[in-house]
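Below is one structure, written out as structure tokens; the observations come after it.
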Protein chains: 2
Amino acid sequence: MLSTRSPDELFAAARDGNRRALGRLLTMVERRDDNAGLVAERAHRDAGHARVVGITGAPGTGKSTITGRLAVVSGGDRPAVLAIDPSSPLTGGAILGDRIRMDDHVSGSAFIRSMATRGHAGGLAAAVPDAIRVLDAAGCDPVIVETVGVGQVEVSIAAAADTTVVVVTPGWGDAVQANKAGLLEVADVFAVNKADRPDARGARRDLELMLDLGHRGGWRAPVVLTTANRGEGIEELWAEIERHTAHLRESDELLRRRGRRHRDEVVNRIELGLRGRARQIIESRSGAAALGRVDRREISPGAAADMLLNSLTGGAGPES
Amino acid sequence: MLSTRSPDELFAAARDGNRRALGRLLTMVERRDDNAGLVAERAHRDAGHARVVGITGAPGTGKSTITGRLAVVSGGDRPAVLAIDPSSPLTGGAILGDRIRMDDHVSGSAFIRSMATRGHAGGLAAAVPDAIRVLDAAGCDPVIVETVGVGQVEVSIAAAADTTVVVVTPGWGDAVQANKAGLLEVADVFAVNKADRPDARGARRDLELMLDLGHRGGWRAPVVLTTANRGEGIEELWAEIERHTAHLRESDELLRRRGRRHRDEVVNRIELGLRGRARQIIESRSGAAALGRVDRREISPGAAADMLLNSLTGGAGPES
């Protein structure tokens, strides 16, 4: 019985190519069940080998098609796709199953997994890095993470990859939107998809102009034209991803990036934990008592918060 | 010297109509200086009498003009305006001074104050309720709070009023945008401004249809057509605001709303305080040591977060 196996046994099976074992490990970290901590621990210990590629962009730019095609051309023995799309009703319902609209584009060897938001976005931001590490530790490579680049959380998830590809479509509007959403800052490679449309070259030129104005030192994001539904430009796109991977590994940028991500992740998890405790406090008897005093105007909300904070953290002084 | 007076003396002066004393009290809570806690305490104790009206909507809908006109027609002895507009470069620079573009519309008796974001939006969300209470406790009435309804924080600030007016302009787009931004849910009264434009009646009809689909029990938000730059519809708008005030006071909805807001405010302040402490932990020696172990893959980010959380809150078990 798969369900009675320990995390270590499941990892061993997953490394041997057992997809159901891998699926179970992912479910454990996604549901945060009793074994989640142990699975995350094992995964982190053994991870760090896969190329982790993020694909992000506005809805309708063709991210899913590019993702599926990349999994095929990557030439990896065991490519994996993690699809995170909080805005898609399709993904919303497909938490545990594979994702349907990709099947056409992916060969039998790719492992595909959907993750949905399910409640708090911060929780997703915590679960995704664990899921990436589980895939990595199970020997998948590359691990391609698809997200919709629409909000701060999504952008931060996209930035959890070693290499982030930002997908735009022809037309000034999209490039400007990408800029506004903070996507330009996280882009290591650009794909101008639907390049068979009239203004694809114009879109590339616009992006190059933006890059002229403010690109980071050391690496300038290349811009690749793709027509993903016909498979055009995908190999060139993958070549640029590989070039970026090589750049990261030759410089010490890979370790720096991962260090920064570890820090962000620990901060995010501490905040999540603290938020949970804040909610516990306010629902406790002393929380209700303090709120009653606020309602009767005996103390201000700030004073109530300070009191409750001090009871939580053992009185390190007011925090107004 | 005004600067050497105690908060109690400043409140006494402000209640006598001394605007500089009132300005100083607001600066104290805005800057969170040493006296901020004491000022907030006094303000909360004496507040609860003013009608607090929020005016919100997308940029360019004419909120400022409506706000200024309402201050005049309200008939209050001492109307006050608190203008919060994180997206406006005008307000951005006018943290301490009065706001210029309103002056035309406001009679000499209105007290006007701008607040800018300055850093963390959560901090603003904490400072605004204090500022409202300072104005309230100083005897201002009504207190009109103008915000741009574009993000979650802005919407939550708008919802900090007793009565929230959502301003839209003619054309489907705006009503749909307002819906997406969550503004429909917080609206107690709608103003369709620039009602001299062709499709004003259509905009009202669209809003009424949306209200048919999902309005809350007890109070249905009325929709008022205004052309604020000519002063048209402003008196009718104020009458609807008064009608809502009466509704709140006759039902126990006013106390319920304020209780809910107190709760939200205490939770927000606890989170702010905890976030500050989380940052301190991560920058401490034990934080650096934990991150080093994560980078060497000895422990996972989740385990590091649990360790640091427990050192903060005295070990209430893991929080993975």
For residues in the stretch B:238-257 being surrounded by fewer than 19 Cβ atoms within 10 Å (Cβ to Cβ) and under 22 Å from B:H44 (Cβ atoms), which is modelled with the highest pLDDT?
B:T245
I want to confirm something. Restricting to the stretch B:291-315 and keeping residues that are of a type outside the set (A, V, I, L, M) and facing chain A (nearest Cβ under 7 Å), which single residue is nearest to A:V29 (Cα to Cα)?
B:G302
Pairs where the first residue, in the stretch B:9-28, is farther than 13 Å from B:F111 by Cα and the second is in a helix (DSSP H, G or I) and among the charged types (D, E, K, R), C-beta under 8 Å, 6+ apart:
B:L10/B:R24; B:F11/B:R42; B:F11/B:D46
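Given the criterion of a type outside the set (A, V, I, L, M, F, W, C) and closer than 29 Å to A:I132 by Cα, identify the matching residue among A:E271, A:E283, A:E298. Give the steps one after another, and end with the answer.
Numbers: A:E283 fails: closer than 29 Å to A:I132 by Cα; A:E298 fails: closer than 29 Å to A:I132 by Cα.
One residue alone meets the criteria, A:E271.
Would a scan of the stretch B:103-112 turn up a residue that is closer than 25 Å to A:D295 by Cα and either among the small types (G, A, S) or at pLDDT 85 or above (or both)? Full working, then the answer.
Of all residues in the stretch B:103-112, those closer than 25 Å to A:D295 by Cα come to none.
Within the stretch B:103-112 (the criterion being closer than 25 Å to A:D295 by Cα and either among the small types (G, A, S) or at pLDDT 85 or above (or both)), the answer is no, since none of the residues qualifies.
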Do we find a residue being without any contact (Cβ under 8 Å) to a residue 40 or more places away in the chain and on the phi > 0 side of the Ramachandran plot anywhere in the stretch B:234-249?
no
Of those in the stretch A:183-203 that are within 22 Å of the chain's Cα centre (by Cα) and assigned to a helix (DSSP H, G or I), the residue surrounded by the most Cβ atoms within 10 Å (Cβ to Cβ) is A:L183
Residues B:A278, B:A288: which one is hydrophobic (A, V, I, L, M, F, W, C) and facing chain A (nearest Cβ under 8 Å)?
B:A278
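Let's see how each residue does on (1) out of contact with any strand residue (DSSP E or B) (no Cβ under 9 Å at 6 or more places or on another chain); (2) of a type in the set (G, A, S):
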{"residue": "A:A228", "(1), (2)": "no, yes"}
{"residue": "A:I241", "(1), (2)": "no, no"}
{"residue": "A:A288", "(1), (2)": "yes, yes"}
{"residue": "A:R293", "(1), (2)": "yes, no"}
{"residue": "A:I299", "(1), (2)": "yes, no"}
{"residue": "A:A303", "(1), (2)": "yes, yes"}
{"residue": "A:D306", "(1), (2)": "yes, no"}
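Can you go through B:I84, B:I66, B:I100 and tell me which one is within 22 Å of B:E242 (Cβ to Cβ) and either at pLDDT below 85 or of a type outside the set (G, A, S) (or both)?
Details: B:I84 fails: within 22 Å of B:E242 (Cβ to Cβ); B:I100 fails: within 22 Å of B:E242 (Cβ to Cβ).
Step by step, each of B:I84, B:I66, B:I100 is checked, and only B:I66 is within 22 Å of B:E242 (Cβ to Cβ) and either at pLDDT below 85 or of a type outside the set (G, A, S) (or both).
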Would it be correct to say that A:T61 is under 21 Å from A:T227 (Cβ atoms), surrounded by 24 or more Cβ atoms within 10 Å (Cβ to Cβ) and either at pLDDT below 90 or among the small types (G, A, S) (or both)?
yes
Report the residue count in the stretch B:204-233 for those that are touching a residue at least 40 places away in the same chain (Cβ under 8 Å) and part of a helix (DSSP H, G or I).
2
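Per-residue answers, yes or no, for (1) under 20 Å from B:R24 (Cβ atoms); (2) modelled with pLDDT of 85 or more:
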site: B:H120; (1), (2): no, no
site: B:D136; (1), (2): yes, yes
site: B:E146; (1), (2): no, yes
site: B:V155; (1), (2): no, no
site: B:V176; (1), (2): no, no
site: B:D188; (1), (2): no, yes
site: B:A191; (1), (2): no, yes
site: B:G202; (1), (2): no, yes
Quick count over the stretch A:230-273, residues being of a type in the set (K, R) and closer than 21 Å to A:G62 by Cα, is 1
Quickly run through the stretch B:282-314 and pick out the residues that are of a type outside the set (D, E), farther than 12 Å from A:R263 by Cβ and part of a helix (DSSP H, G or I).
B:R285, B:S286, B:A289, B:R293, B:G302, B:A303, B:M307, B:L309, B:N310, B:S311, B:L312, B:T313
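Just a yes or no: is a residue in the stretch A:244-256 within 7 Å of chain B (Cβ to nearest Cβ) and part of a helix (DSSP H, G or I)? Full working, then the answer.
To start, the set of residues in the stretch A:244-256 that are within 7 Å of chain B (Cβ to nearest Cβ) comprises none.
Scanning the stretch A:244-256 turns up no residue that is within 7 Å of chain B (Cβ to nearest Cβ) and part of a helix (DSSP H, G or I).
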The stretch B:276-312: number of residues that are surrounded by fewer than 18 Cβ atoms within 10 Å (Cβ to Cβ) and under 20 Å from A:R277 (Cβ atoms)
7
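Show me the helices (runs of 4 or more DSSP H) entirely contained within the stretch B:1-56 in which 1 or more residues are surrounded by 24 or more Cβ atoms within 10 Å (Cβ to Cβ) and of a type in the set (D, E). Before you say what the answer is, go through the steps one by one.
Values: elements: B:7-15, B:19-31, B:36-46.
It comes to none.
The values are calculated or read from the model by the stated rules, or taken from the named source; none is laboratory data. Note that the structure is predicted; figures quoted are calculated from it, not measured. Here Cβ is always computed from backbone atoms with ideal geometry, including for glycine, and neighbour counts include all displayed protein chains.
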